[in-house]
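Okay, structure first, notes after.
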Amino acid sequence: MATIGFLALVATLTGTIPSAEELRDAGEGLGVLGGFLYVPAVALLNSLFVFLPALVAAGGLLFGTALGTPLALAGVTLAACTQLAVGRRLAGRGVSRVLPKRVRRVDDFLERRGFWAVLYVRLAPLVPFVIVNYSAGLTRLGMGAMAAGTAIGEAPRVWAWVALGGSIDDLGSPEARAAVALLVVMAVLGLLLARRQVHREREGAGE
């Protein structure tokens, strides 16, 4: 759906629906400049709540899977760090001292296990990416933990969306099928890990 939405946007702007090969040729025609433009564009557009899978899938359409994956992952990581910084700038670091007790527990958890907390959130399915990032600005989560947790946690999903974007003209290809299978596995695995972590935190709180 994300890739279809991107194609609809392109068709609206150009009056035609370009093929995946035409879009990839356009991306390759930009050369190194294309990558330099794409990464901050992902961060900026996602910060404005543009659907992240559509932006990632566009990387596959423009650059192919091999190049699109690292570029898209860089854009996703930059988006998370940018939104954390903006949220912190708007709220101010001192806001954590006036947060409700339950929220302060989350703040403490993020400070103690920042990288792992971000990793669990990235692996968990259906967690709103942008809202989590802006909300993290209310906590003491470190920028390094946000970047590392996002890069590692989002890497499999990014590859899958990039592969689907690059295979829009052949969704029955082995790469597209592998991408769909990986998205399903990630959803199940993320749900299991999230449930286990919640259970551990409840046990720790009860001690």
*For residue 51: the one exception among (1) open to solvent by less than 60 Å² (accessible area, probe 1.4 Å); (2) at pLDDT 90 or above*: (1)
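Working only within the stretch 45-57, note down all residues that are part of a helix (DSSP H, G or I) and either under 16 Å from residue 155 (Cα atoms) or free of Cβ contacts under 8 Å to residues at least 12 places away in the same chain (or both).
45, 52, 53, 54, 55, 56, 57, listed by residue number.
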*Can you run down the residue pairs with Cβ atoms below 7 Å, 6 or more apart or on separate chains, where the first is in the stretch 155-174 and more than 24 Å from residue 190 (Cβ to Cβ) and the partner is small (Gly, Ala, Ser)?*
168/20; 169/19; 169/20; 170/176; 173/167
*Output the qualifying pairs, or none if there are none: Cβ atoms under 7 angstrom, residues six or more apart or on different chains, first residue in the stretch 71-97 and farther than 19 Å from residue 55 by Cβ, second residue among the hydroxyl-bearing types (Ser, Thr, Tyr) and modelled with pLDDT under 95.*
87/134; 87/135; 96/139
*asked:* List the helices (runs of 4 or more DSSP H) inside the stretch 78-145, counting only whole elements, that have at least 2 residues being modelled with pLDDT of 85 or more, over 20 Å from residue 43 (Cα atoms) and not basic (Lys, Arg).
replied: 114-123
*Could you please find all residues in the stretch 153-207 being surrounded by fewer than 16 Cβ atoms within 10 Å (Cβ to Cβ), small (Gly, Ala, Ser) and either outside any helix (DSSP H, G or I) or at pLDDT below 85 (or both)?*
172, 173, 204, 205, 206
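The values are calculated or read from the model by the stated rules, or taken from the named source; none is laboratory data. Since the model is a prediction, treat every value here as computed from it, not as a measurement. With ideal geometry, Cβ positions are generated from the backbone for all residues, glycine too; neighbour counts draw on all protein chains shown. These area figures cover heavy atoms from the full protein model, side chains too; ligands, DNA and RNA do not enter into them. Shrake-Rupley method; radii C 1.70, N 1.55, O 1.52, S 1.80 Å.
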